[in-house]
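Worksheet for the structure shown next.
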Amino acid sequence: MKKLTSSQIRRMYLDFFAAKGHMIEPSASLVPHEDPTLLWINSGVAALKKYFDGSEVPNAPRITNAQKSIRTNDIENVGLTARHHTFFEMLGNFSIGDYFRQDAVKWAWELLTSPEWYAFDKDLLYVTIHPADEETYALWLELGVDPSHIVRLEDNFWEIGEGPCGPNTEIFYDRGPAYTFDTPTEEMYPGGENERYLEVWNVVFSQFNSTPGLERSQYPELPAKNIDTGMGLERMASIIQDVPTNYDTDLFMPIIHHVEKISGQKYHVDATTDIAFKIIADHIRTVTFAVADGALPSNEGRGYILRRLIRRAVRWAKKLGLEKPFMAQLVPTVADVMADYYPYVTEHIPFIQKVITNEEERFLETLNDGLAILATFMETASNQTIQGTDAFKLYDTYGFPIELTQEYAADHNFTVDLAGFEAEMEAQRTRARNAREDMDSMQAQNPVLRNFTAPTTFVGYDGLSGEGEVLLMLQNGEAVNRVLAGETAQIILSQTSFYAESGGQVGDTGQVTSATMKARVLDTKKAPNGQPLHTIEVIDGTLELHEQVTTTVETQTRLATIKNHTATHLLHKALKEVLGTHVNQAGSLVKPEMMRFDFTHIASLSAEELAEVELKVNQAIWQALPMHIAEMPIAQAKEVGAMALFGEKYGDVVRVVRAGEYSVELCGGCHVTNTAEIGMFKIISESGIGSGVRRIEAVTGAGAYTYTQEQAKKLQTVAQLVKVNHVDQISQRVQQLLQETKETARELEGLKAKFAQAEAAQLISQVETVNGFEVLAVQLSGLEMSELRELVDRFKEQLTTGVVVLLSDYEGRVNICAGATKTAVANGAHAGQLIKEVATICGGKGGGRPDMAQAGAKDAQAITEAIAYVHTYVTGLAK
């Protein structure tokens, strides 16, 4: 067997299959593209799904790849076993209706055993097959495999639900009796749970169509048969490099050595610390690559996984004595190890480090407090069970993912009440939903509204007016039959053109009228059962229950609102294009006068990035893109690339809003018919509102015009102030004024220096001789600390055995500076000790070196007493 690095193993695999006519498919992003069924790319074939399901035809039917992958279904085992990982690489070769069983088996054996390739000892290889797969059995025999090295296993059949399936054959390497450990005899075989026989390769023959109601022997053959194979790089490296675990390969050891250096601990010394080393090494690989591919820590979806991994690593790092953020230091090491095939990671090192450091700092702020609370919970727990309410408190207040609490609990033989935890989580979601209604939860608690289920038909997408019957009227939470002029109420209609606040878009305002009544609609929100709930004020007449009314939305308000709403879709797309695909909407507010858009991103936007985003949105407006809005099944909507907001609940049929070919989103709101109607888009601010969440506020249409006009007026005012005729001259004039200011400042400094010299000459006459020391302790006014230090230095130059203390009241505070010459220090004077007492007298603190010290204080009234103390201090010095 050749001794190879992991990079050489990967390259040799790809080169071999390239020589067999395979197209090398680049490793896909860990974040699935247009595949909502996957949280992460979790295998080599997952990245090629589009080819296997026929949605896209590959450039070549033979494909090979080295695919980075993430699997997180058994995070709790990572670090505890030799081969569990959250991040790993799968080497694979695939046939899309081209070669099949014979070539797949023959090439696998050639690559593994040929002297010019991996050069495995044939006698140490074993294979498994499905009991009914006589064809594969015959092929292995033809290749010279001893029949005793062929094991028939019923599990060797690849089938996941309905669709393509088939038998598979696996190749195992025998590492010898040294790896039997305490494995039961019944598990000591290729394919059993043991460390002796390691799986090297899995080859799946996708030849049947799994059909409900049929036995496997009855499955029909596929018209086009496929090959899907997988070889784990980490496991292959452990075999070729002859090390006991995957963690001892060159894929992990540089990271582990770096952790040794940071922590001062050693790997392979203690079983518990070894677990910590492995967990950190695994999790930093996962987080580094995930962030490089656009994922960010959060409380949802794949972001939650990243947050959980970082916090799990931090938790285990404490066992190595690491109490401060450290993981970001490992990122360059990960990038260096993987640079041969993934050079792009190196380009993202600063960003990845910033993301990780932010996460570590946030968690460490609360970790120790959380652990103390957890210990308290365990002390008071009954039946060795942590209550769900307590687990929720750790999650909500201290940032403990529930899985982390479970791990801590398991360390002490405790369990966690998961059902209780989920109940608390659902209660929090309910509170959040009610809060979004912005009605102090009164509507959800109101039994009349809660039990009123008659539907309302919304006709406001296609027009601003409609006809409807008054189905319900409420005043002070009670159902009423009539509302008089001057009174307010909440009403539900059978049909309305008023949009109820949701999805960030504010509710409509306008009028409800009949032949004898006129009412103003002040707001529209959703009732508990989803109907638009209109808050009205009757202006004239009386509104009766079951009366037929006309609904009329305020035109200009709605038009301004829909411009801002469509602009949020364009902005979302532009942000993804400029900042990266990790950007996702985290909230929005769409009002007539402005729009607010919250999104996931770790850093503030530069002026250049903001300008580029703004330009892209305006370009989409200038292109006059037609808006296409259609309802369709959610599966179809995802197929066309519609962006869904994570955490939002969608029905089987959804509304898809498309701006030309530029933006596609799921949205139930109101929009323009063409982007040109927006007119203009202008960003007015960008800020951070939380960890990894940024906010942009912007205006459109008339609002954008008004904003730019206001800015122009301000510039005109500035032009007048700096005395230029045109705003184009402002920049040059300001530069000129800045230069003049610098020159003036230099002149001022010169004058201050001359004044200081004159003042110093005057003050030096106040020097007194006390106990053989030359003492100057005086009060000044309006001097900064730097000016005091300069004066003290000047006086020390003129004195031999000098002790100088200057006190100055400055902007409501007292600045104090003290100094002692070398001779004075040699005779016992200490400026730091002296100023400590002087500052205390004036209500402050300070200290410093024997020859120079400074302090700040509050009480200027005590300066006279402080000066008197200086003389007392010097009098007490023993020369």
Next item on the list: Using Cα positions and a limit of under 16 Å, work out the lysines in reach of K2, with same-chain residues fewer than 8 apart set aside.
Entry: K122
Next item on the list: May I have the pair-distance distribution P(r) for region 657-708, computed from all Cα-Cα distances with 5 Å bins from 0 and rounded to whole percent?
Entry: 5, 16, 17, 19, 23, 16, 5, 0
Next item on the list: Diagonalise the Cα gyration tensor of region 796-879 and give the resulting equivalent ellipsoid semi-axes, square root of 5 times each eigenvalue, largest first, whole Å.
Entry: 22, 12, 10
Notebook entry, point to check: In debye, nearest 20: dipole of the chain around its Cα centre with unit charges on the Cβ of K, R (+) and D, E (-)?
Noted result: 2560
Margin query: Can you tell me which lysines have their Cα less than 20 Å from the Cα of K20? Leave out same-chain residues fewer than eight positions away.
Written below: K106, K225
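Accessible area per residue for the chain in Å², computed with a 1.4 Å probe and the full protein assembly in place, what is it?
Details: 40540 Å² over 879 residues.
Accessible surface, normalised per residue, equals 46 Å².
If packing is taken as the average count of other Cβ atoms within 10 Å, what order do 355-362, 264-271, 508-515 fall into, highest mean first? Let's see the in-between values first.
On the way: 355-362: 20.8, 264-271: 12.5, 508-515: 18.9.
Going by the mean number of other Cβ atoms within 10 Å, highest first, we get 355-362, 508-515, 264-271.
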Check: Ordering V718, V770 from largest to smallest accessible area (1.4 angstrom probe), what's the sequence?
Finding: V718, V770
Check: Using only the Cα atoms of region 24-122, what do you get for the radius of gyration and for Dmax, in Å?
Finding: 15.9, 44
Margin query: Positive end of the dipole of the chain, charges at C-beta (+1 Lys, Arg; -1 Asp, Glu), about the Cα centre: which of Y342, Y869, A560 has its Cα farthest in that direction?
Written below: Y869
Check: Give or take rounding to whole Å, what are the principal axis extents of the alpha carbon atoms in region 246-363, in descending order?
Finding: 37, 33, 21
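Heavy atoms only, probe 1.4 Å: what % of the accessible area of region 10-113 goes to carbon and sulfur, would you let me know? Let's see the in-between values first.
Values: 1950 of 3950 Å².
Carbon plus sulfur share of accessible area: 49 percent.
Peptides 414-422, 283-291: what's the order by average Cβ count within 10 Å, highest mean first? It would help to have the intermediate numbers written out before the result.
On the way: 414-422: 16.4, 283-291: 27.0.
Answer by packing, highest mean first, reads 283-291, 414-422.
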Next item on the list: Bin all alpha-carbon pair distances of region 500-618 at 5 Å intervals from 0 and give each bin's fraction as a whole percent.
Entry: 2, 10, 16, 17, 14, 11, 9, 8, 5, 4, 3, 1
Notebook entry, point to check: How do the peptides 839-848, 693-702 rank, highest first, by the average count of neighbouring beta carbon atoms within 10 Å per residue?
Noted result: 693-702, 839-848
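With a 1.4 Å probe and every protein chain kept in, tell me what percent of the accessible surface of region 559-661 is carbon plus sulfur. The partial results should precede the final answer.
Numbers: 2390 of 4730 Å².
It is 51 percent, rounded to a whole number.
Anything over 28 Å Cα to Cα? Flag those among K714/K742; K393/K573; K68/K616; K261/K576, in the order listed. Don't jump to the answer; show the numbers that get you there.
Numbers: K714/K742 25 Å; K393/K573 37 Å; K68/K616 33 Å; K261/K576 39 Å.
The answer is K393/K573; K68/K616; K261/K576.
Pairs of alpha-carbon atoms within less than 8 angstrom and 6+ residues apart define the contacts here; what relative contact order does region 723-803 have, in percent?
Dividing the mean separation by the residue count of region 723-803 yields 25 percent.
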Check: Dipole of the chain (Lys/Arg Cβ +1, Asp/Glu Cβ -1, origin at the Cα centre): which of Y662, V203, T245 lies farthest to the positive side?
Finding: Y662
Checklist line | region 598-687: Rg to Rh, with Rh as the Kirkwood radius over Cα pairs | finding: 1.01
Note to self: In the chain, if the dipole is taken from +1 on Lys/Arg beta carbons and -1 on Asp/Glu beta carbons about the Cα centre, which of I75, L38, F392 is farthest to the positive end?
What the structure shows: F392
Check: When the accessible area of region 458-514 is computed with all protein chains present and a 1.4 Å probe, what percentage of it is carbon and sulfur?
Finding: 42
Notebook entry, point to check: Counting DSSP beta bridges with both partners in the chain, what percentage is antiparallel, nearest 5?
Noted result: 85
Checklist line | Equivalent ellipsoid semi-axes - Cα gyration tensor, region 182-268, angstrom | finding: 40, 18, 11
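The values are calculated or read from the model by the stated rules, or taken from the named source; none is laboratory data. None of the values given here were measured: they were computed from a predicted structure. Neighbour counts run over all protein chains shown; Cβ positions are idealised from the backbone, glycine included. Calculation scope for accessible area: heavy atoms of the full protein, side chains included, ligands and nucleic acids excluded. Shrake-Rupley method; radii C 1.70, N 1.55, O 1.52, S 1.80 Å.
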